[in-house]
Amino acid sequence: MSFRSVSVVAAALWFAACAASTPDAEIERAPLSQAGKDGLRRYFAIDKRPKVCAIAPATGAIWYAWSYATLEETRAVALRNCESFGSPCEVYA
C-alpha cells in the first residue's frame, strides 16, 4: 500500500470516527485478524483526541497511540511501538 493510499484511508477513517460512526467496511479491509479488527473498532470508540493506529501489513501487528501533545508525536509513538514487534509498520488511521 502506497503512502498516498494510506493517507487517503487514514483521512477517511479519521473523518468517519469524528462523525461518531464506526467505519465497518474500512475495518473489514484492514490486514488484521478478527481480534485485531475488534480492537480497531474499540479504538474508534475511545475519545476523539488525536490518535494514530499503526499496522504491520506483513504480520498484522498493531499499535494505538493517543493523548500525546501533538499529532506528530502521537504518530511517532505508534510507529515506533508497532515496529518494535519486528516488521515495518504503516499509519492506518
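The values are calculated or read from the model by the stated rules, or taken from the named source; none is laboratory data. Predicted model, so just to flag it, every value in this text is computed and none were measured. With ideal geometry, Cβ positions are generated from the backbone for all residues, glycine too; neighbour counts draw on all protein chains shown. With ligands, DNA and RNA removed, areas are computed over all heavy atoms of the protein, side chains included. Shrake-Rupley method; radii C 1.70, N 1.55, O 1.52, S 1.80 Å.
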* Structure fact -> Using a 1.4 Å probe on heavy atoms of the protein chains only, the accessible area for PHE85 in Å², nearest 10, reads 130
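Work out the FRET efficiency for ARG41 and GLU83 from their Cβ-Cβ distance, taking R0 = 30 Å, and round it to the nearest 0.05. Please list the in-between numbers first.
Working: r = 23 Å, r/R0 = 0.78.
It comes to 0.80.
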* Structure fact -> Quick tally, 1.4 Å probe accessible area for ILE27, ILE46, sorted with the most first, runs ILE46, ILE27
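Contour minus end-to-end for SER67 and ASP24, with contour as 0.36 nm per residue of separation and end-to-end as the Cα-Cα distance?
Numbers: separation 43, 0.36 × 43 = 15.48 nm, distance 2.38 nm.
Additional length available on full extension: 13.1 nm.
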* Asked: Counting Lys and Arg as +1 and Asp and Glu as -1, what is the net charge of the other residues whose Cβ lies under 12 Å from the Cβ of ALA58?
  -> -2
* Would you check the accessible area of ARG80, probe 1.4 Å, heavy atoms only, in square angstrom rounded to 10? => 140
